[in-house]
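The values are calculated or read from the model by the stated rules, or taken from the named source; none is laboratory data. Just so it is clear, the structure is predicted and the values come from calculations on it, not from any experiment. Don't worry about glycine lacking a Cβ; one is built from the backbone with ideal geometry, like all the others, and counts go over all protein chains shown.
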Amino acid sequence: MIISPITDPKSLIVDQSGDEVSGRSGYSDRWILVSVIALAMFGILAVFSSVAYFAETKNSTAQSMVIGHILKVLIAFFVIVAASKFNYRIFMKLSFPFLLLSWILLIIVTLYGAEVWGARRSLTVGGFSFQPSSFAIVALLVHLVGLIERKIMNQSIKSFKNSFVPMMFYVVVTCGLIGIEDFSSAGVLMGLSLILMFMGGVSKLHLGTMVLIGVLGGTALVTSSDARVSRITNYLEQVISINSHELDGGAGYQSQQAHIAIARGQFSGVGMGKSAQRDFLPAPYNDFIFAIIAEEYGLLGAGLILILFTLILIRGVVFVARNAGTISGQLLATIFTLTFVLFGFVNAAVATGLFPVTGLPMPFVSYGGTSMLTSGLMIGIILNISKKSTTSKKYLF
């Protein structure tokens, strides 16, 4: 694993075009691609099983919503293929204007966005709804990678004024704008940004100080919102109720219904399309889709989902990132892999009661459009980096 500071930038080669000097295989990592395809197939089946009640509230049908979901999956795979064909350096050059655009959209969504579950997270333009926070996450991480690479090459990565301050400016502004309405995504992004800066060799003293400030600031943000305090309180009450075997319909209702779904699934599940808890879970197609998978496909199906995410983690970090050959390739492959996998694991942890309800989707499994597109973009960039591997392996295309 390469989650450690880069201490020898000379070992990573960058030519004038930003490509590796040698060792280009020209083929993408087949294991990552196949794993993503499998996740998407699981997602289509799970969405078909869980979207019926949601469709009724939208005066639609389950079939039409599943078809819409499939179209989004196909568009996401088009994004994967397109991103895998373009040199990832192109995305790095465009990261700053896209980051500025995401800031503007985040401000707009705070003022005029549609409110769902007590938070304004999405904008609707011409009938198309999207979440600016998803684009902001990708834009910030790509921009940070570019900053880190430049600071490493001019040997100023340890500087507080020239390195840490400008990086944290972009991180704080982006996380602050996201955190106004979506604290969970902002917290995850802050953690990923600090991990990325640590891998890039930013001073541990500076990062440690920022972690302390982040904890204090996060606590202040949580306590400033009744909805956030309620989530934490419900989570703690849920843990107490589970330990005492006293489930009720009050605090922690969502998690309780998810636990029932998982318990019903047992080892092999109740069968595809036979979920009973989809009528009781408030968001079975998104936040708690892992619970529906566990109910219908049992421990086998739920375990396979986690194995697929683990396989993507291993391939993305151990193979693609380590053999990237450039600083930016190594950092991008690592942080995008961690982001993709972390969202999946957090979604599963919420469904199983390990984490409080966060609202983070499971990539390529949960129903949705914006997160699917940004996940496709991250996977496409990872595949593009894998084409430029410094080692020769057999890949898919």
Taking the stated definitions as given, is LEU360 aliphatic (A, V, I, L, M), in a helix (DSSP H, G or I) and within 17 Å of the chain's Cα centre (by Cα)?
no
Confirm whether SER49 is at pLDDT below 90, among the polar types (S, T, N, Q) and surrounded by 15 or more Cβ atoms within 10 Å (Cβ to Cβ).
yes
For the range 263-282, give me the residue count where each residue is without any contact (Cβ under 8 Å) to a residue 40 or more places away in the chain and closer than 11 Å to VAL47 by Cα.
0
Residues being modelled with pLDDT under 90, buried (at least 24 other Cβ atoms within 10 Å of the Cβ) and of a type in the set (S, T, N, Q) - total across the range 367-385
1
Name the residue that is nearest to ILE148 (Cα to Cα), counting only residues in the range 83-92 that are part of a helix (DSSP H, G or I) and touching a residue at least 40 places away in the same chain (Cβ under 8 Å).
MET92
State whether the residues of the range 338-347 include one that is closer than 24 Å to ALA139 by Cβ and not in a helix (DSSP H, G or I).
no
Give me the pairs: first residue in the range 366-390 and over 16 Å from VAL320 (Cβ atoms) and in a helix (DSSP H, G or I), second residue of a type in the set (A, V, I, L, M, F, W, C) and modelled with pLDDT under 90, beta-carbon distance under 8 Å, and six or more apart or on different chains, which are they?
THR370/PHE130
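Residue-by-condition table, conditions (1) surrounded by 22 or more Cβ atoms within 10 Å (Cβ to Cβ); (2) of a type in the set (Phe, Trp, Tyr):
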site: PHE128; (1), (2): no, yes
site: ASN154; (1), (2): no, no
site: SER184; (1), (2): no, no
site: VAL202; (1), (2): yes, no
What residue, of VAL318, VAL341, is in contact with a Gly (Cβ under 9 Å, 6 or more places away or on another chain), surrounded by fewer than 22 Cβ atoms within 10 Å (Cβ to Cβ) and among the β-branched types (Val, Ile, Thr)?
VAL341
Where residues in the range 318-337 are of a type in the set (Ser, Thr, Tyr) and in a helix (DSSP H, G or I), which of them is farthest from the chain's Cα centre (by Cα)?
SER328
The one condition in (1) in contact with a Phe, Trp or Tyr (Cβ under 7 Å, 6 or more places away or on another chain); (2) part of a helix (DSSP H, G or I) that LEU281 fails to fulfil:
(2)
What are the pairs, 6+ residues apart or on separate chains, where a residue within the range 197-216 that is modelled with pLDDT of 85 or more and aromatic (Phe, Trp, Tyr) has its Cβ under 7 Å from a residue that is surrounded by 13 or more Cβ atoms within 10 Å (Cβ to Cβ) and assigned to a helix (DSSP H, G or I)?
PHE198/LEU207
